[in-house]
Amino acid sequence: MFKQFFQKNIIWILLAIVVIGGAFFLFAEIAEDVFEKEKFLIDQKASHFVSSIQSNTLDSLFGFITELGAVWLITTGTIIVGLILFFYPNNRLWRVFHFAVTMIGIAVLTSGLKELFERERPNLIEEYDGTGYSFPSGHSTGPMVFYGFIIYLMIRSRFPLAAKWIVGVVLSILIFLIGFSRVYLGVHFASDVIGGFLLGFAWLATNIAILEIRIQKNT
């Protein structure tokens with residue numbers, strides 16, 4: 001059965017391996033430089049760019065946007081989405097299980113890696129959750145996985161194509177803006193955010209791929 005499944009989906013499987021492997025590889029490259037305390041040109045460029053656009057209006061805007069990636073909101077959202085999935089008619093238990101593994105896993109990974117790399121933040125600002133270690137950015141890994149999983153659920157849903165595109169585009173922009181808000185507010189380096197995006201995406205894609213294989217085998 002697995003052989004037939006592999007032959008039928010070989011292109012998608014190979015594509016998933018390339019995408020996931022590439023994301024993990026790029027994250028590892030950044031992580032290695034962080035571990036060796038290398039300086040990143042993109043951090044300097046991002047800092048200069050932020051300095052050139054700062055204003056009171058943007059301060060308020062990005063202060064609000066960064067909260068959309070806060071631990072309390074992602075945790076609350078995870079519980080709500082988990083309950084919705086539990087009552088979803090098709091493959092509900094597998095979706096709930098993999099969603100839970102995805103969210104808990106990224107939280108553990110992010111916390112563990114922060115302790116491993118012990119990278120100091122550019123600024124400690126408690127108001128914006130700017131405490132603890134800096135790499136990778138939890139406001140990048142968490143939203144990437146949480147909002148990314150919602151995008152996946154929308155793609156797998158029976159909603160109209162237009163609705164899928166709207167939700168996908170809006171949430172993708174939101175993920176980027178939350179990450180950028182951390183750089184704008186000065187509590188993360190750009191490399192923290194990029195590393196967080198790569199790690200979050202790789203972890204999300206891995207779990208979605210496993211979930212899809214399980215669903216396909218059960219249909």
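Condition check: closer than 22 Å to L58 by Cβ and more than 19 Å from the chain's Cα centre (by Cα). Does G186 satisfy that?
Answer is yes for this residue.
Given the condition open to solvent by 30 Å² or more (accessible area, probe 1.4 Å) and within 28 Å of E38 (Cα to Cα), answer yes or no: does some residue in segment 85-108 qualify?
Yes, segment 85-108 contains a residue that is open to solvent by 30 Å² or more (accessible area, probe 1.4 Å) and within 28 Å of E38 (Cα to Cα).
State the number of residues belonging to segment 156-205 that are among the hydrophobic types (A, V, I, L, M, F, W, C) and either free of Cβ contacts under 8 Å to residues at least 24 places away in the same chain or in contact with a Cys (Cβ under 8 Å, 6 or more places away or on another chain) (or both).
Counting residues in segment 156-205 that are among the hydrophobic types (A, V, I, L, M, F, W, C) and either free of Cβ contacts under 8 Å to residues at least 24 places away in the same chain or in contact with a Cys (Cβ under 8 Å, 6 or more places away or on another chain) (or both) gives 11.
Does F97 qualify as being over 20 Å from F197 (Cα atoms) and not charged (D, E, K, R)?
Yes; evaluated as a whole, the condition is true for this residue.
Collect the residues in segment 115-124 that are touching a Gly at 6+ places or on another chain (Cβ under 7 Å) and farther than 16 Å from G179 by Cβ, keeping them in residue-number order.
Listed by number, the residues that qualify are N123, L124.
Scanning for something part of a helix (DSSP H, G or I), open to solvent by 10 Å² or more (accessible area, probe 1.4 Å) and in contact with an Asp or Glu (Cβ under 9 Å, 6 or more places away or on another chain), does segment 169-187 turn up at least one residue?
Within segment 169-187, one or more residues are part of a helix (DSSP H, G or I), open to solvent by 10 Å² or more (accessible area, probe 1.4 Å) and in contact with an Asp or Glu (Cβ under 9 Å, 6 or more places away or on another chain).
Are any residues in segment 45-78 open to solvent by 100 Å² or more (accessible area, probe 1.4 Å) and in a helix (DSSP H, G or I), and if so, which ones?
Result: K45, H48, F49, N56, T57, F64, V71, W72.
The values are calculated or read from the model by the stated rules, or taken from the named source; none is laboratory data. Everything quoted here is computed from the prediction, not taken from an experiment. Don't worry about glycine lacking a Cβ; one is built from the backbone with ideal geometry, like all the others, and counts go over all protein chains shown. Remember, those area values only see protein heavy atoms, side chains included, never the ligands or the DNA or RNA. Shrake-Rupley method; radii C 1.70, N 1.55, O 1.52, S 1.80 Å.
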